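All remarks here apply to the structure that follows.
The values are calculated or read from the model by the stated rules, or taken from the named source; none is laboratory data. It should be emphasised that the depicted structure is a prediction, and the values quoted were computed from it without experimental measurement. Please note: Cβ atoms are built from the backbone with ideal geometry, for glycine as well, and neighbour counts cover all protein chains shown.
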Amino acid sequence: MATEDTIAAIATPKGVGGIGIIRVSGAKAEEICHLLFRPGKDAGPLKNRYLYHGTIISPETDKGIDEVLISLMRKPHSYTGEDTLEINCHGGPLILETVLNEVIKAGARPALPGEFTRRAFMNNRIDLSQAEAIIDLISVKTDKGLNLALSHLRGDLSKKIGRLRESLIEILAHLETAIDFTDDDIEPVPYAEISGKIENSTQNIREILSTYREGKLYRDGLNVLITGKPNVGKSSLLNRLLGEKRAIVTSVPGTTRDFIEEAINIRGMPVNFIDTAGIRDVNAVVEKEGIGLVWEKAESADIIIVLLDGSAKLAGEDLEVIEGNRGRKIALVVNKSDLPAKLKNRELEKILPCITPLWISAKYGRGMDELKEKIYVLACDNDDDFGSDIVLTNLRHKLALEKSAELLAQAGDTIKKDLSPELPALDIRESLDCLGEIVGITTDEDILNEIFSKFCIGK
Amino acid sequence: MSKEFDVIIVGAGHAGCEAALAAARMGCSALLFNINLDSVALMSCNPAIGGLAKSQLVKEVDALGGEMGKIADRAACHFRLLNRSKGPAVQSTRVQCDKQLYRLAMKAVIERERNLYIRQGLVENVIIEGGKVSGVVDNTGFFYAGKMVIITAGTFLNGLIHVGESQHPAGRAGEIASISLAENLKELGFEVGRLKTGTPPRLRASTIDFSVLERQDSDPDPQPISFTTQKLRKERLPSYFSATTEKTHWLIRDNITKSPLYSGAITGVSAKHCPSLEDKVMRFPDKEKHPVVLEYEGLDTEEVYAKGLGNSLPLELQEYLVHSVSGLEQTEIMRTAYAVEYDFVHPTQLTQTLETKLIKGLYLAGQINGTSGYEEAAAQGIWAGINAALSVQKREPFILDRSEAYMGVMVDDLITRGVEEPYRMFTSRAEYRLILREDNATIRLTGKGHELGLISHDQYSDLQEKMNRIDAGIERLKEKKIYPVPGTNERLTEMKTASIKNPVTLYHLLKRPELSYDDLKALEGWEEIPDRFVKRQIEVEAKYEGYIKRQEESVRKFKTQEGKKIPRDIDYDSVPGLSNILKKKMCTIIPTSIGQAQRIPGMTQAALTALLITIKKMELERAQAGKSEKSLQSQKNTNGAVK
């Protein structure tokens, strides 16, 4: 909550508009601008509140990352009341993320949710009525939001951080005991043993980091399942989306034997499509196996494309498919818009209200752009898994973990040099603070408790 | 005594004496009570002052003009620098004192103080008028008028001594407890808890077989605690090490039900950092032995303090117990070990000055606030004494924060986090301990002591002169370079340190852990510094430089949080999203800053944000009210002009 930190975040919601804005606020905003921004033509010193065209570069490689428009708003005339830099990027979310990463390397830290607004508030950039509105908002939200910081974490990570904290607290307790009690009172744990524990913990953090490095979405991609009754055109659609013929397409139902998984890129986000085998031919052994695999895949899919045949009446099988996926993120797509329509939107509304069907023709490639846009919007829909904060949150976690590992390694070095325990203790304490930031816990009392539970203190 | 005192202090222990002296020396008329004037400044438990994290406190008291360090130096007969092999930030001086010399020396100091009245008496009631203290009444019904009252009652409030199944009211062995005052505090509305402490047996030296024990002598280069001490007494007393045996342990295990700690007779919470022998044996069954340290209680006495043998077992068992320890097979017990339970006032009811929130002018210091230790008591005593005097003189309160002193850490812990078991100082409680060292206590605080009028001008300017020499010494080391030439590298090898490949400054070289300032003697550019203090500061500065910078950075962040004040009139009901538990805590603790609020146990980030926003809203409302008032005013003025 230290207000002097310079903070940065992607300010535009994902999936809306062609450009994305990165906002940087704080004392270092101008310095970061000079470090990363190369103006298109020499414009002299940057003027306040002027739009400049140019390139964001990576200072390490000196290579351009994206063509941008930037503006500098010096305090107090900015949204937050602090020096503010806004970078309008053209690239997709991957580019935005890359630029944000550079901004953070240049000295900013990722903003906490709502932090820009809070700063604006603190710097008197908001009037009383707005303040009251914010208070109301908090009142409504805090009931379920008090534990927001914690629930944002996936259970796994939270548990892992918890275990890490425990091991660091134990290490710190060893060091602190050696400091706060004389050799008459206790037998200190040898440095060699502490050193081993530090190495273990560092290794554990590195492991978490390796699985948690980038936003999950952008690393693993989005899994989209195409499902529908046999011969509805799933493979044709897949081929259209992938741009070339991959699956075998015939009009004989159930001819797609293996499920097919192929990735395309929508706005920088890798999207994997999973095509199901027909549901009908469950008797064939070969296909049974195929089907088993498909269902496993289908279970883990992020988005389900329910494909219907617009040239036929709604069949029992269609309803089965719809019912089987109710409650999930569904894109309702009606194929064969090139043939005379026998399916009515009204009918579908009754079964799946709130979901607007998208009519396409896989055969002629109609509606493909709209479908991709739909997938993207669904992916970015503000929901626990794909919340616009989650990438940011991940980045924050990642940075905290990196810092934590770095401090731990430093403590390890100090111990190897056989220096006095108060020095590695400072590193470990700060390392613990980094972990605490992720789970929102402070440390002090924990350590004394650990000391007294583990060691018999004389006197 | 018909006169009204500025400050009345109830209890002349380690807290009370410092409180009384500070108030009197700041120009207040002060009255100091003790139940028995022969037990002024008594060292009730161990015969030592200082120790890890505690010497930091004593040296801070010293830098503010307090007495504890000076008296300890005068009575000291055994010196040790603890953590000598570790860094200077965690080193601490510990001195063993002659208890009688200590007590008499302190008594002599308070007796010589012109503004200080001393009275033997048992105070029973604090008198309140209009929510404010007006004086105290003793057990004869006599009223003493006072503007401020500081209670430093130690373990005397409802004190109850346990030895086995026997129990009797007492503040300390052989001294009457303070029952009425304890009741009075409860009646006044204070939330009170119960703690337990204890003391080991005192043994007769002539019956101890020292020949089988490991002996530890005083350090050969004794360093005084007080910055002002010029010379130390010559007599030294050794300490001896022994340990409990298997027999000790089974004696305890077989008879554990006879311990009031385990029979349920004691309900007071004991300190985990200072467990009784029963606790050690029961909680750590795998340990084969526990250390026993034997320390003389004075130069002219046979009494020996048996550190490590503290217990509350019945007398016959205590005899067996002592005899089961090697070297003590024939030893006579002179004073039995005992446990004492006493009332304490939950310190979250205090403000940063240690004044109670409930009653203006009433201050509490020492064990009554749930702490343990002479040093913790003295630090609170001087803190309360200074603030009571400042309040009488209508001056700004004196508060040190967590980045300025261990005292500040302790007071903040007490009033913000409260106490569940006796609170002892640890270096690990001080997050900025690399800059809060015993060696720089005087640099940190002497200036403040001078401002308060507790440090003489001479002492202060003497320190400033030393500080100039420290700066000059560092500058010089930074200028002097040595070069990787054969002669220099040979000398470095002789000094048992790595040779150099590039030119380095002497300052840089001094960063090496194995080198002291005087080790650099053989190198060109070195100059002798006779003042040990100056030399030490230069060394510490060089060795800790990077870490000190890191801590200073954290302190800067800490200070901004402390600077965000919470208005006194904030209505916690209007803060959205505060849980009821948190709301209740906030209403008791009444944090003065966002920083302090952050340290309240159970505080969440969401609650803090809500708090910040509510404060901002209050400010905006106030600004708007001010504006409309102004415009109303100007309207009136224009109206007037029109008329």
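Of all the listed residues (B:Q624, B:Q598), the sole one being within 11 Å of chain A (Cβ to nearest Cβ) and modelled with pLDDT of 85 or more is B:Q598.
Please specify each residue of the stretch B:323-354 satisfying the condition of being of a type outside the set (S, T, N, Q) and surrounded by fewer than 23 Cβ atoms within 10 Å (Cβ to Cβ). Lay out the reasoning, then the answer.
Filtering the stretch B:323-354 for residues of a type outside the set (S, T, N, Q) gives B:323, B:325, B:327-329, B:332-335, B:337-347, B:350, B:354.
If the condition is that a residue be of a type outside the set (S, T, N, Q) and surrounded by fewer than 23 Cβ atoms within 10 Å (Cβ to Cβ), then B:H323, B:G327, B:E329, B:E332, B:I333, B:M334, B:R335, B:H346 are the ones that fit.
Is it fair to say B:S178 is touching a strand residue (DSSP E or B) at 6+ places or on another chain (Cβ under 6 Å) and hydroxyl-bearing (S, T, Y)? Against the criterion (touching a strand residue (DSSP E or B) at 6+ places or on another chain (Cβ under 6 Å) and hydroxyl-bearing (S, T, Y)), B:S178 qualifies.
Mind checking whether some residue in the stretch B:254-266 is within 14 Å of another protein chain (Cβ to nearest Cβ) and surrounded by fewer than 21 Cβ atoms within 10 Å (Cβ to Cβ)? No, there is no match, as no residue in the stretch B:254-266 is within 14 Å of another protein chain (Cβ to nearest Cβ) and surrounded by fewer than 21 Cβ atoms within 10 Å (Cβ to Cβ).
Mind checking whether some residue in the stretch A:274-293 is in a strand (DSSP E or B) and modelled with pLDDT of 65 or more? Don't jump to the end; show me each part of the working.
So in the stretch A:274-293, the residues in a strand (DSSP E or B) come out as A:274-275.
From the residues that got through so far, the ones that are modelled with pLDDT of 65 or more too are A:274-275.
Yes, the conditions are met somewhere in the stretch A:274-293.
When A:L172 is tested against the conditions (1) away from chain B (no Cβ under 13 Å); (2) in a helix (DSSP H, G or I); (3) modelled with pLDDT of 85 or more, the lone failure is (1). Go through the stretch A:185-237 and give me each residue that's modelled with pLDDT under 85 and hydrophobic (A, V, I, L, M, F, W, C). Across the stretch A:185-237, the qualifying residues are A:I186, A:I208, A:L209, A:L217, A:L222.
Look at the stretch B:333-353 and say how many of its residues are over 30 Å from B:L313 (Cα atoms) and either basic (K, R) or free of Cβ contacts under 8 Å to residues at least 60 places away in the same chain (or both).
Of the residues in that region, 1 qualify.
Taking the conditions (1) in a loop (DSSP other than H, G, I, E, B); (2) surrounded by 19 or more Cβ atoms within 10 Å (Cβ to Cβ); (3) more than 12 Å from chain A (Cβ to nearest Cβ) in turn, B:M586 satisfies each one other than (1). In the set B:R512, B:R532, only one residue is free of Cβ contacts under 8 Å to residues at least 24 places away in the same chain and within 14 Å of chain A (Cβ to nearest Cβ); that residue is B:R512.
Given the options B:K147, B:K107, B:K70, B:K86, name the one that is surrounded by fewer than 19 Cβ atoms within 10 Å (Cβ to Cβ) and assigned by TED's automatic domain parsing to the domain that holds B:T197. None of the others qualify; the one that does is B:K86.
Pairs are defined by a Cβ separation below 8 Å, a sequence spacing of at least 6 or placement on different chains, a first member in the stretch B:566-583 that is within 14 Å of chain A (Cβ to nearest Cβ), and a second member that is of a type in the set (F, W, Y); the pairs so defined are B:L578/B:Y572; B:K583/B:Y572. Checked against (1) surrounded by 22 or more Cβ atoms within 10 Å (Cβ to Cβ); (2) of a type in the set (K, R); (3) away from every other protein chain (no Cβ under 14 Å), B:R437 passes all but a single condition, namely (3). Among the residues of the stretch A:81-100, which ones are part of a loop (DSSP other than H, G, I, E, B), buried (at least 18 other Cβ atoms within 10 Å of the Cβ) and modelled with pLDDT under 85? Those that are part of a loop (DSSP other than H, G, I, E, B), buried (at least 18 other Cβ atoms within 10 Å of the Cβ) and modelled with pLDDT under 85: A:G91, A:G92. Checking each residue in the stretch B:482-503 for being more than 14 Å from chain A (Cβ to nearest Cβ) and surrounded by 15 or more Cβ atoms within 10 Å (Cβ to Cβ) picks out B:I482, B:T488, B:N489, B:R491, B:L492, B:M495, B:I500.
Give me the residue from the stretch B:162-191 that is part of a helix (DSSP H, G or I) and among the polar types (S, T, N, Q) and, out of that set, surrounded by the most Cβ atoms within 10 Å (Cβ to Cβ). If we take residues in the stretch B:162-191 being part of a helix (DSSP H, G or I) and among the polar types (S, T, N, Q), then B:N184 is surrounded by the most Cβ atoms within 10 Å (Cβ to Cβ).
All of (1) at pLDDT 70 or above; (2) within 17 Å of the chain's Cα centre (by Cα) hold for A:T414 with one exception: (2).
Looking across the stretch A:19-78, the residues that are of a type in the set (F, W, Y) and either out of contact with any strand residue (DSSP E or B) (no Cβ under 7 Å at 6 or more places or on another chain) or in a strand (DSSP E or B) (or both) come down to A:F37, A:Y52.
Being out of contact with any Cys (no Cβ under 9 Å at 6 or more places or on another chain), in a helix (DSSP H, G or I), of a type in the set (S, T, Y) and more than 14 Å from chain A (Cβ to nearest Cβ): is that true of B:T446 here? Spelling it out, B:T446 is indeed out of contact with any Cys (no Cβ under 9 Å at 6 or more places or on another chain), in a helix (DSSP H, G or I), of a type in the set (S, T, Y) and more than 14 Å from chain A (Cβ to nearest Cβ). Got a sec? Which of B:G131, B:G154, B:G135 is of a type outside the set (D, E) and within 13 Å of B:L32 (Cα to Cα)? Selected residue: B:G135, the only one of B:G131, B:G154, B:G135 that is of a type outside the set (D, E) and within 13 Å of B:L32 (Cα to Cα).
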